[in-house]
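Colleague: Shown below is the structure under consideration.
The values are calculated or read from the model by the stated rules, or taken from the named source; none is laboratory data. Everything numeric here is computed off the predicted structure, so don't read it as measured data. Cβ placement follows ideal geometry from the backbone for every residue including glycine, while neighbour counts extend to all protein chains displayed. Accessible surface areas use protein heavy atoms only, side chains included; no ligands, DNA or RNA. Shrake-Rupley method; radii C 1.70, N 1.55, O 1.52, S 1.80 Å.
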Amino acid sequence: MDNLSEALEKLKLASTDSATDSVESCLDCLLKALANNNTEASVKIQEMGVLPLLPTLLNPQSSCTPKVANIIAEVAKNEFMRSPCVEAGLIPPLVQLLNSTDQEVLLQTGRALGNICYDSHEGRSAVDLAGGAQIVAEHIKSLYQNTEPENVKLLTVFCGMLMNYSNDNDSLQAQLINMGVIPTLVKLLGIHSHNTALTEMCLIAFGNLAELESSKEQFASTNIAEELVRLFQKQTEHEKKEMIFEVLAPLAENDVIKLQLVEAGLVECLLDVVAQTVDGEREEDIAQLKTASDLMVLLLLGDESMQKLFEGGKGSVFQRVLSWIPSHNHQLQLAGALAIANFARNDGNCIHMVDTGIVQKLLELLDRHVEEGNVTVQHAALSALRNLAIPVVNKSKMLSAGVADVVLKFLQSEMPPVQFKLLGTLRMLIDTQAEAADQLGTNGKLVERLVEWCEAKDHAGVMGESNRLLSALIRHSKSKEVVRTVIQGGGVKHLVTMATSEHMIMQNEALVALGLIAALDLVAAEKDFVGANLVSVLHKLLSDERSAPEIKYNSMILICSVMGSEPLHKEVQSLEFIDVVSKLRAHENKTVSHQASLTEQRLTAQS
């Protein structure tokens, strides 16, 4: 260390008279000390105030310059030295050196700037201010086709510098995207894919940039999909595959890139990964299986990519994914069920899948999870069943297959996501299916649970779906028995509240159900109607100019239906409905104005 102190003192003196030889030997001594113990030597350099002397030594004409830049690069490996490097004014002269034509100067300057930028806000800001990133990006553009070893080394340093400069910084990443670095880096990857270090730099840069939405369009205009798939096919190591996965996942969120990845053969790669890792017990096998199957599901979220893989239900990919459902592996069961839910996004696919027996596979899967109780698998399988139940022709087939019975086994679930999907599946199944609605609507346990969930204020989705199913049971069965079951279960007040929902479709469903209750068993419902302030709710809906025509129409139908009850009749009279209804006779919607005339006559006759 004494030699170092001596060299630093000499450097202080020598830097003022520019005696190149003595400066050079001092620099060699510094580099030797840094190689020996970087942290200790850096502290000494900082203590002796040498950093502020270095800008004058960063002279483009001087033969010492590469060594000075190298010293800065070594010193900046220490986090505590990065801000002092900026404060010593090293960034502007370093950025100036980027205009040099000397390979060694460029290499050491790139290293120095890259290290100063690493995890350093001050470093990045200073490089940004000096315009360093733009010059480096231009260098990469002009050098990327050159495969000479020295040049590849320089490209690796420059890519690393841009990576450190923009890592975790959205505005600097956006700046690089605007400079057009993405197409250049994609071409670079294609040419240098055999070079591990450079490839890794590109992948990390892509991983950073792909998180930004603005990058997706640029990526989509390149052949990134082909390059990544080609690179993936070559990999044998888990870590390398993981690096590529980390780029693929954010890119695959873009529908255009999804299709490009499918066309480039990514799906086949993913299926191979699944086959290789499904029985593995090592942590890396489990991780790869999850990543590959998750990515597969993500690719199916794009309409075009999904349809391409479905291939009319005959696609080999579709068949392979189907085989995941009976698997013993929870991750594959989950991915298989989610994939079916994604394939079931149009009527044609849904009808084909129900006709080819997929429902049975899903029911068997759900049966295995009543006891095992894997919530994510339950949720995914119910999602798939819900989507499959949308086409009218599938409903009766699915009911005959016993879907409702299996779904009801999850009625005791305390998991809101499962509750939500269970409710949605039952609601889809009974749509237009009177017999099924009658059967479910007279199931006291189900109605009791629905009423309980109608009060789940912490889970708006579950609350909304419970109300909608309660209403659907009445609307599709039109059965007095169902109405009685709902009244006895305490469901009426929830339907009255539902009529005040901010969603028009829910308001309407509630009013139609309430109308049926009034028409089928007004006597039994009378007390609940009074208790829930039904009449004043209807008054508000009719008075509110924002209420949709169908809301006004169904509210008037309901008013006429409740007139047969004495207490409700009295409430109607006390609220002076005639004034509100007579105004609606002039409503622009003919159905509303006609119903207003009929309702007015009814009110007048019974006043």
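Colleague: Would you mind calculating the gained length between S5 and D347 on full extension (0.36 nm times residue separation, minus the Cα-Cα distance), in nm to one decimal? Display every interim value, and only then the final one.
Modeller: On the way: separation 342, 0.36 × 342 = 123.12 nm, distance 8.00 nm.
The S5-D347 span can extend by a further 115.1 nm.
Colleague: Within a Cβ distance under 13 Å of D528, other residues only, what is the Lys/Arg minus Asp/Glu net charge? Please report the intermediate quantities before stating the final value.
Modeller: Working: positive: R484, K493, K527; negative: D521, E526.
Once positives and negatives cancel, what remains is +1.
Colleague: Can you tell me the order of 389-396, 84-91, 332-339, 57-64 when each peptide is scored by its average per-residue count of other Cβ atoms within 10 angstrom, highest first?
Modeller: Working: 389-396: 18.1, 84-91: 20.6, 332-339: 25.8, 57-64: 15.8.
Most protected by this proxy first, the peptides run 332-339, 84-91, 389-396, 57-64.
Colleague: Next question, about the same structure. Put a dot 7 Å past each Cα toward the Cβ at S536 and S22; how far apart are the dots in nm?
Modeller: 9.8
Colleague: Related question: Over the chain, with every protein chain in place, what whole percent of the accessible area is carbon and sulfur at 1.4 Å, could you tell me? Can you show the working numbers first?
Modeller: Details: 13200 of 26550 Å².
Summing carbon and sulfur atoms, their accessible area is 50 percent of the total for the chain.
Colleague: Suppose R0 equals 45 Å. What FRET efficiency, 1/(1 + (r/R0)^6) with r the Cβ-Cβ distance, do N151 and A275 give to the nearest 0.05? Before the final figure, lay out each step's value.
Modeller: Values: r = 40 Å, r/R0 = 0.89.
Taking R0 as 45 Å, the efficiency between N151 and A275 is 0.65.
Colleague: Using only Cα atoms and rounding to the nearest 10 degrees, what angle (0 to 90) does helix 330-343 make with the longest principal axis of the chain?
Modeller: Roughly 70 degrees between the two axes.
Colleague: Residues of region 231-269 with the amide nitrogen closer than 18 Å to a label point 7 Å from the Cα of E217, along Cα-to-Cβ, please.
Modeller: So the set is 251-258.
Colleague: I've got another one for you. May I ask for the distance between the Cα centers of region 183-254 and region 368-442, given as a whole number of Å?
Modeller: Here the answer is 41 Å between Cα centres.
Colleague: Would you mind checking the tilt of helix 103-117 against the longest principal axis of the Cα atoms of the chain, expressed as 0 to 90 degrees and rounded to 10?
Modeller: The angle comes out at about 50 degrees.
Colleague: If you don't mind, there's one more thing I want to ask. With the contact rule set at Cα under 8 Å and sequence spacing of 6 or more, what percent relative contact order holds for the chain?
Modeller: Details: 811 pairs, mean separation 31.1, N = 607.
Reported relative contact order: 5 percent.
Colleague: Would you please state the base-10 log of I(q)/I(0) at q = 0.10, 0.12, 0.17 1/Å for region 412-561, with intensities from the Debye formula using one equal scatterer on every alpha carbon?
Modeller: Ignoring solvent entirely, the Cα scatterers give -0.30, -0.44, -0.90.
Colleague: When ranked by the protection proxy of mean other Cβ atoms within 10 Å per residue, highest first, what sequence do the peptides 517-530, 167-180 form? Could you put the intermediate results ahead of the total?
Modeller: Values: 517-530: 18.6, 167-180: 15.9.
So the peptides 517-530, 167-180, ranked by packing, come out 517-530, 167-180.
Colleague: Right, here's the next one. Summing +1 for each Lys or Arg and -1 for each Asp or Glu, what net charge is found among the other residues whose Cβ lies under 12 Å from the Cβ of Q419? Mind dumping the intermediate values first?
Modeller: Values: positive: K421, R449; negative: E414, E452, D458, E465.
Local net charge: -2.
Colleague: Right, here's the next one. Could you size up the charge dipole of the chain around its Cα centre, putting +1 on the beta carbon of Lys and Arg and -1 on that of Asp and Glu, and report it in debye to the nearest 20?
Modeller: Numbers: 50 positive and 77 negative charges, 453 e Å.
Here the size comes out at about 2180 debye.
Colleague: What is the packing order of peptides 218-231, 561-574, 473-486, taking the mean over residues of other C-beta atoms within 10 Å and listing the highest first?
Modeller: Working: 218-231: 19.9, 561-574: 16.7, 473-486: 21.7.
The most tightly packed comes first, giving 473-486, 218-231, 561-574.
Colleague: Taking the Cα-to-Cβ direction at D405 and at M504 and moving 7 Å from each Cα, how far apart do the two end points lie in nm?
Modeller: Output for this residue pair reads 4.2 nm.
Colleague: Ok, one more. How high is the relative contact order of region 533-606, in percent, with contacts defined as C-alpha pairs under 8 Å that are six or more residues apart?
Modeller: Numbers: 63 pairs, mean separation 24.4, N = 74.
It comes to 33 percent, rounded to a whole number.
Colleague: Let me ask you something else. Applying 1/(1 + (r/R0)^6) with R0 = 25 Å to the Cβ-Cβ distance of K314 and K290, what FRET efficiency is obtained, to the nearest 0.05? Spell out each step's value before the answer.
Modeller: Numbers: r = 28 Å, r/R0 = 1.13.
Step by step, r from the Cβ atoms, then E = 0.35.
Colleague: Counting pairs of alpha carbon atoms under 8 Å apart in space and at least six apart in sequence, what relative contact order in percent does region 399-510 give?
Modeller: Working: 136 pairs, mean separation 28.6, N = 112.
RCO, region 399-510: 26 percent.
Colleague: Oh, and also: Towards the positive end of the charge dipole of region 533-606, with charges on Cβ (+1 Lys, Arg; -1 Asp, Glu), say which of L541, N554, G564 has the farthest Cα.
Modeller: N554
Colleague: For the pair K583 and D458, what calculated FRET efficiency results from E = 1/(1 + (r/R0)^6), where r is the Cβ-Cβ distance and R0 = 35 Å, to the nearest 0.05?
Modeller: Numbers: r = 40 Å, r/R0 = 1.15.
The value I calculate is 0.30.
Colleague: Just the number please: accessible area per residue for region 484-559, 1.4 Å probe, all protein chains included, in Å². Don't skip to the end; give the middle numbers.
Modeller: On the way: 3260 Å² over 76 residues.
In whole numbers, region 484-559 has 43 Å² accessible per residue.
Colleague: I would also like to ask the following. What number does the chain give for Rg over Rh if you use C-alpha atoms and the Kirkwood radius? All intermediate terms of the calculation are to be shown ahead of the outcome.
Modeller: On the way: Rg = 35.6 Å, Rh = 29.8 Å.
Across the chain, the Cα-based Rg/Rh ratio is 1.19.
Colleague: Is region 533-606 best put as rounded, prolate or oblate by its Cα gyration tensor, with a ≥ b ≥ c the root eigenvalues, rounded for a/c under 1.5, and otherwise prolate when a/b is larger than b/c, oblate when not? Before the final figure, lay out each step's value.
Modeller: Values: a/c = 1.86, a/b = 1.43, b/c = 1.31.
It comes out prolate by the Cα gyration axes.
Colleague: A further question on this structure: Charges only on Cβ, +1 for Lys and Arg, -1 for Asp and Glu: so what's the dipole of region 436-525 about the Cα centre, in debye to the nearest 20? Present the calculation step by step, with values, prior to reporting the outcome.
Modeller: Working: 9 positive and 10 negative charges, 40 e Å.
The dipole of region 436-525 has a size of about 200 debye.
Colleague: Here's a follow-up. How far is helix 358-372 tilted, in degrees, relative to the longest principal axis of the Cα atoms in the chain, given as a value from 0 to 90 rounded to the nearest 10?
Modeller: It works out to around 80 degrees.
Colleague: Right, another one. Any of K258/K361; K552/K583; K258/K314; K493/K552; K77/K216 with alpha carbons more than 23 Å apart? Name them for me. Show your work: numbers first, answer last.
Modeller: On the way: K258/K361 28 Å; K552/K583 12 Å; K258/K314 21 Å; K493/K552 20 Å; K77/K216 33 Å.
The pairs that break the limit, which is 23 Å between Cα atoms, are K258/K361; K77/K216.
Colleague: Could you check the simple spin-label distance between D431 and E40, using points 7 Å along Cα→Cβ, in nm with one decimal?
Modeller: So the two model labels end up 7.6 nm from each other.
Colleague: Can you compute the charge dipole magnitude of region 280-413 about its Cα centre, using +1 on each Lys and Arg Cβ and -1 on each Asp and Glu Cβ, nothing else charged? Give it in debye, rounded to the nearest 20. The partial results should precede the final answer.
Modeller: Values: 12 positive and 15 negative charges, 82 e Å.
Around 400 debye, computed over region 280-413.
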